[in-house]
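The structure under discussion appears below in the form of structure tokens.
The values are calculated or read from the model by the stated rules, or taken from the named source; none is laboratory data. Note that the structure is predicted; figures quoted are calculated from it, not measured. Cβ atoms come from the backbone with ideal geometry, glycine included; neighbour counts cover every protein chain shown. Ligands, DNA and RNA are excluded from the accessible area calculation, which covers all protein heavy atoms including side chains. Shrake-Rupley method; radii C 1.70, N 1.55, O 1.52, S 1.80 Å.
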Amino acid sequence: MSTELMFKDRGQLFMQLMEKVAMLTRQNETFALAMIIESKGSTPRHVGKMIVYRDGTIEGTVGGGLAEHYVIEDSVKAIQNGQSKIVEYKLNKHAKDGIQMNCGGTLRVFIEVYTSRPELILAGAGHLGHALAKLADFLEYPYCIVDDRVGYCTKERFPNAANLFVNEDIGKALLAANLNEKSYVVIVTKDRDDIVLKTALQFPIAYVGMVASKRKVISIFEKLKIEGVTQEQLEQVHSPIGLEIDSETSEEIAISIIGQIIKLSKEKKPVKVKQLNR
């Protein structure tokens with residue numbers, strides 16, 4: 001292959017990789033982009049970019065082999081910590097802190113972490129739901145609104161909502177939101193908390209919280225247990241909801257709820273990745 005064709009192919013691969021980065025960002029995914037920023041001496045590759053996912057799978061390359069494995073390992077750790085960083089590898093098994101390679105060069109790699117934002121499912125379009133939506137707008141968090149009242153769940157009240165799901169059966173409205181492991185469900189309905197909670201607990205969601213008094217929580221939990229919901233499922237529920245900041249107004253309560261969601265979303269969640277000794 002000629003040098004011209006080789007650089008053309010690399011350019012196309014680079015563009016495809018960056019298009020994938022843009023797509024993953026739009027989809028609100030968590031991943032890292034590892035990029036060689038400096039290489040000295042003999043190394044498997046002098047330029048290269050690679051997407052690394054939370055489970056250690058990759059797209060692209062920074063040269064392959066043992067050095068790439070360490071880049072993957074450090075990228076997964078960076079994702080878990082939620083922090084970008086620069087790492088350096090000595091590709092010399094005889095050097096202090098070197099890895100088991102014979103190349104002899106050094107490689108510096110910038111690992112940029114792209115962290116997904118919480119995806120809010122606001123079940124309840126009343127005053128508190130509206131306050132939560134305004135705070136989500138400010139934070140640029142994606143959110144949708146779920147309610148059983150057509151007059152409340154409108155584009156006029158929630159102009160920036162990704163979706164509005166309205167159904168007189170609020171359980172069906174929630175199902176339409178396609179809950180998943182990135183969903184943070186906040187239950188602030190008028191009088192359908194039990195239905196929403198039972199529906200939400202069927203899915204592997206990241207968070208579920210409910211605004212309710214202690215007496216109401218006990219009543220709902222007892223009802224759901226009779227209907228087949230397990231104690232283990234109910235232990236996932238945050239109620240009382242939010243951080244303890246003595247909040248009173250809808251806006252203050254919204255801040256306490258979003259504060260709790262931010263705190264929980266930043267917690268480190270270990271992912272199993274094969275470790276190697278350097």
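Here are some notes:
- Of the candidates GLU59, GLU73, GLU68, the single residue that is open to solvent by 60 Å² or more (accessible area, probe 1.4 Å) and either modelled with pLDDT of 90 or more or charged (D, E, K, R) (or both) is GLU59.
- Some residue of region 196-207 being of a type in the set (Phe, Trp, Tyr), touching a residue at least 60 places away in the same chain (Cβ under 8 Å) and within 23 Å of THR115 (Cα to Cα): yes
- When region 41-53 is limited to residues that are surrounded by 17 or more Cβ atoms within 10 Å (Cβ to Cβ) and part of a loop (DSSP other than H, G, I, E, B), the one that is modelled with the highest pLDDT turns out to be GLY48.
- The lone exception for VAL188 - which of (1) touching a residue at least 24 places away in the same chain (Cβ under 8 Å); (2) touching a Ser or Thr at 6+ places or on another chain (Cβ under 7 Å); (3) closer than 27 Å to GLU248 by Cβ it fails: (2)
- Unmet criterion (only one of (1) more than 21 Å from the chain's Cα centre (by Cα); (2) modelled with pLDDT of 95 or more; (3) not in a loop (DSSP other than H, G, I, E, B)) for ILE145: (1)
- When ALA206 is tested against the conditions (1) in contact with a Phe, Trp or Tyr (Cβ under 7 Å, 6 or more places away or on another chain); (2) open to solvent by less than 30 Å² (accessible area, probe 1.4 Å), the lone failure is (2).
- Close pairs (6 angstrom Cβ cut-off, 6 or more residues apart or separate chains): aromatic (Phe, Trp, Tyr) in region 151-172, not in a loop (DSSP other than H, G, I, E, B) anywhere: PHE158/ALA133; PHE158/ILE145; PHE165/VAL146; PHE165/ALA173
- Lone unmet requirement of (1) open to solvent by less than 50 Å² (accessible area, probe 1.4 Å); (2) more than 24 Å from SER265 (Cα to Cα) for ALA212: (2)
- All helices (runs of 4 or more DSSP H) inside region 167-258 with 1 or more residues being within 22 Å of ASN28 (Cβ to Cβ): 170-175, 193-200
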